[in-house]
Amino acid sequence: MDTKILKPSKHCFMLAKNLIINNQLVAFPTETVYGLGANALSDQAVEKIFIAKGRPQDNPLILHVGRKSDIEKYVKNITPAHKKLIAKFMPGPISIVFDKADNVSSLACAGGSTVAVRIPKNKIARRFINECNLPICAPSANTSKRPSPTCANHVYNDLNQKIELIIDGGNTSVGIESTVVKVENNTIFILREGKINKKMLERATHLSVVSVLNTNKIPQSPGTKYAHYVPLCEMIVVKNNIVSNSIKLYENILKTGKKPIIFCSQKNAKFYKNKNFLVLGKNSVEASHNLFGYLRRVEKNYDAIIAEYFDNGGMVEGLFNRMIKAAGGKIV
Ligand code: TXA
Ligand code: MG
């Protein structure tokens with residue numbers, strides 16, 4: 001079975017709905033990255049996600065719904081803090097962890113008592129979910145450990161012949177996955193950084209917000225312990241003395257006979273004129289939009305990526321977290 005790629009249309013949504021109802025998998029665009037969707041009420045459907053991706057079964061999936069009024073069907077114990085988060089940030093690039101209701105597949109929640117819920121802002125995603133009239137659990141639509149997909153072709157390259165259909169909504173806008181948050185004792189814990197950052201959460205809710213990447217107060221999102229976003233070639237992040245360290249690294253890699261490339265900010269491009277480089281963007285927001293696609297673009301043609309740290313724009317933490325993961329922790 002060759003995987004079909006279809007632009008959104010009545011026919012495409014009908015086909016997608018039929019597949020989901022029959023416990024098959026459908027990849028679809030969201031504003032963050034492409035998701036690999038299945039009926040979240042069926043263990044049989046959910047199991048196919050773990051198999052197609054090669055994903056460890058102790059890593060829970062996010063439940064996607066199309067409307068705010070659907071949330072209460074699949075979760076328990078919605079608190080005033082949850083309500084604030086829903087009112088301010090949904091639909092959008094945020095996943096909120098709740099106590100799970102009994103109808104949600106326990107496989108989707110990795111056997112745990114909680115479920116992360118998200119309402120995508122992307123209209124194609126919401127139409128797909130609403131047409132199915134089912135909650136859709138969806139991880140990023142990549143093979144486990146690979147960079148998340150930001151266009152239909154990335155999904156096809158990873159999952160061709162493993163899934164029936166990809167709904168092609170073009171390039172995703174945000175480029176990295178949703179912020180995952182959990183509320184405990186009126187404190188918001190950020191379990192995974194994303195476009196909705198600490199400052200935005202504080203301003204909108206007036207609650208205290210803690211990023212678990214900077215604390216060991218409560219366990220992180222299960223998924224954050226795994227290798228992630230790994231390109232086929234080596235990667236190193238440069239955080240200190242950026243230009244001089246990037247150049248030093250570049251020259252050292254060249255000396256070993258390997259081919260390096262620098263991922264840089266727009267303002268630093270002038271320092272790398274006689275070198276291989278790609279401009280990720282002028283700030284962390286643009287760089288987040290481009291990162292995963294650029295990793296996939298260069299990984300086969302270069303031996304090493306030297307990625308500059310970005311300290312400007314609203315997505316500094318989310319971008320840095322993805323870069324460090326992709327680099328397997330290598331940082332200078
Ligand atoms: O933007 C996104 O969130 C994308 C799109 C498709 O919606 N989805 C996505 O899913 O990134 P995935 O499976 O690749 O990442 C889900 C993350 C993992 O780190 C997982 O451990 C965490 O969310 N997660 C899911 N359910 C959780 C729960 N009940 N408690 C804590 N963390 C949870
Ligand atoms: Mg993922």
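The values are calculated or read from the model by the stated rules, or taken from the named source; none is laboratory data. For clarity, every value in this text was computed on a predicted model and none was experimentally measured. Here the Cβ is made from the backbone with ideal geometry for all residues, glycine too, and neighbour counts use every protein chain on show. Side chains are part of the model used for accessible areas, which takes the heavy atoms of the whole protein and leaves out ligands, DNA and RNA. Shrake-Rupley method; radii C 1.70, N 1.55, O 1.52, S 1.80 Å.
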Worksheet item: Among the residues of region 136-161, how many are away from ligand 2 (no atom under 16 Å from the Cβ) and either open to solvent by 30 Å² or more (accessible area, probe 1.4 Å) or assigned to a loop (DSSP other than H, G, I, E, B) (or both)?
Response: 4
Practice prompt. Would you confirm whether any residue within region 12-19 is under 29 Å from SER288 (Cα atoms) and open to solvent by 20 Å² or more (accessible area, probe 1.4 Å)?
Written response: no
Item to complete: Consider ARG146 carefully, then state whether it is within 19 Å of ALA40 (Cα to Cα) and within 15 Å of ligand 1 (Cβ to nearest atom).
Response: no
Discussion item. For region 50-74, give me each residue that is buried (at least 22 other Cβ atoms within 10 Å of the Cβ) and either within 11 Å of ligand 1 (Cβ to nearest atom) or among the charged types (D, E, K, R) (or both).
Written reply: LYS53, PRO60, LEU61, ILE62, LEU63, HIS64
Practice prompt. Given the conditions (1) of a type in the set (A, V, I, L, M, F, W, C); (2) surrounded by fewer than 18 Cβ atoms within 10 Å (Cβ to Cβ); (3) closer than 16 Å to ASN39 by Cβ, report the number of the one that ILE78 does not fulfil.
Written response: (3)
Worksheet entry | Any chance SER244 is at pLDDT below 95 and either of a type in the set (Val, Ile, Thr) or more than 16 Å from ligand 2 (Cβ to nearest atom) (or both) | no
Worksheet item: Which of the residues belonging to region 267-297 are among the charged types (D, E, K, R) and either in contact with a strand residue (DSSP E or B) (Cβ under 9 Å, 6 or more places away or on another chain) or not in a helix (DSSP H, G or I) (or both)?
Response: LYS273, LYS275, LYS282, GLU286, ARG297
Worksheet item: Quick one: which of ASN283, ASN276, ASN312 is open to solvent by 10 Å² or more (accessible area, probe 1.4 Å), modelled with pLDDT of 95 or more, farther than 17 Å from PRO149 by Cα and touching a Pro at 6+ places or on another chain (Cβ under 9 Å)?
Response: ASN276
Fill in: Condition check for GLU31: open to solvent by 70 Å² or more (accessible area, probe 1.4 Å) and not basic (Lys, Arg)
no
Practice prompt. Scan region 245-256 residue by residue and report those that are in contact with a helix residue (DSSP H, G or I) (Cβ under 9 Å, 6 or more places away or on another chain) and either exposed (fewer than 13 other Cβ atoms within 10 Å of the Cβ) or among the hydrophobic types (A, V, I, L, M, F, W, C) (or both).
Written response: ILE247
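Residues are listed down the side, and each one gets a yes or a no for (1) touching a residue at least 40 places away in the same chain (Cβ under 8 Å); (2) assigned to a loop (DSSP other than H, G, I, E, B); (3) over 18 Å from CYS109 (Cβ atoms); (4) out of contact with any His (no Cβ under 7 Å at 6 or more places or on another chain):
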| position | (1), (2), (3), (4) |
| --- | --- |
| ILE20 | yes, no, yes, yes |
| ASN23 | no, yes, no, yes |
| ALA38 | yes, no, no, yes |
| VAL46 | yes, no, no, yes |
| ALA52 | yes, no, yes, yes |
| ARG55 | yes, yes, no, yes |
Worksheet, complete the sentence: Only one of (1) under 24 Å from ALA141 (Cβ atoms); (2) in a helix (DSSP H, G or I); (3) of a type outside the set (Asp, Glu); (4) open to solvent by 50 Å² or more (accessible area, probe 1.4 Å) does not apply to LYS300, and that is (2)
Worksheet item: Failed condition for ILE196, given (1) more than 20 Å from ASN18 (Cβ to Cβ); (2) within 16 Å of ligand 2 (Cβ to nearest atom); (3) hydrophobic (A, V, I, L, M, F, W, C); (4) part of a loop (DSSP other than H, G, I, E, B), with all others met?
Response: (2)
Discussion item. For TYR229, only one of the following conditions fails: (1) within 16 Å of ligand 1 (Cβ to nearest atom); (2) at negative phi. What is its number?
Written reply: (2)
Practice prompt. Confirm whether LYS259 is in contact with an Asp or Glu (Cβ under 7 Å, 6 or more places away or on another chain), surrounded by fewer than 20 Cβ atoms within 10 Å (Cβ to Cβ) and over 30 Å from VAL210 (Cβ atoms).
Written response: yes
Item to complete: Could you please give the count of residues in region 186-239 that are open to solvent by 20 Å² or more (accessible area, probe 1.4 Å), modelled with pLDDT under 95 and of a type in the set (Ser, Thr, Tyr)?
Response: 4
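Please enumerate the residues belonging to region 89-135 that are in a strand (DSSP E or B) and open to solvent by less than 10 Å² (accessible area, probe 1.4 Å).
ILE94, SER95, ILE96, PHE98, VAL115, VAL117, ARG118
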